[in-house]
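Where a number appears in this text, it was derived from the coordinates with a stated rule and is not lab data. If you're wondering where the values come from, they're calculated on a predicted model, not measured in any experiment. Every residue, glycine as well, gets a Cβ built from its backbone with ideal geometry; the counts of neighbours run over all protein chains shown.
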Amino acid sequence: MSRMLRAGAVFWVAGLAVGGCMSDRTEPATASPRRDINAVLAAHDRELLERPGVVGVYVGLLPDGRTPCLKIMLARSDPAAARALPATLEGHPVVLEVTGEIRPLR
C-alpha cells in the first residue's frame, strides 16, 4: 500500500510541476491576427532580442506544417526566461526553441 501511495505522490508532484510550467505562458485565444507575421516580427524583433537568454527570432511553422508562428531561440532552458516571454504576439503563436549560444563564423 505504501508503494502505491509513494507512486501516486510522485505522479501528483510531477503533474503540478508540468502543469505549472505550462500555465505560465498560456494566454486566452485571440481573434485572427490583423498584421502579417513578417511585419509583427519586424516590429518586435529588437525588443525580444534584448531579453535575457534570447539569441534569435524568426518566422517558422507550427507542427501542422501550415500555421505560421514566431520562433524565439533561447541560449539555454530557463523556466524564468520562458515565463517572461509572450505565448502570442499580435495574435500569432510564439514557440520557444533551445538552440544554445549562437556565434558568428570567422
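Restricting attention to the range 65-77, which residues are in a loop (DSSP other than H, G, I, E, B) and surrounded by 14 or more Cβ atoms within 10 Å (Cβ to Cβ)? 75 - this is the single residue of the range 65-77 that is in a loop (DSSP other than H, G, I, E, B) and surrounded by 14 or more Cβ atoms within 10 Å (Cβ to Cβ).
Report, by residue number, each residue of the range 78-106 that is part of a loop (DSSP other than H, G, I, E, B), in contact (Cβ under 8 Å) with a residue 24 or more places away in the chain and not β-branched (Val, Ile, Thr). If the condition is that a residue be part of a loop (DSSP other than H, G, I, E, B), in contact (Cβ under 8 Å) with a residue 24 or more places away in the chain and not β-branched (Val, Ile, Thr), then 78, 85, 86, 87, 90, 91, 100, 101 are the ones that fit.
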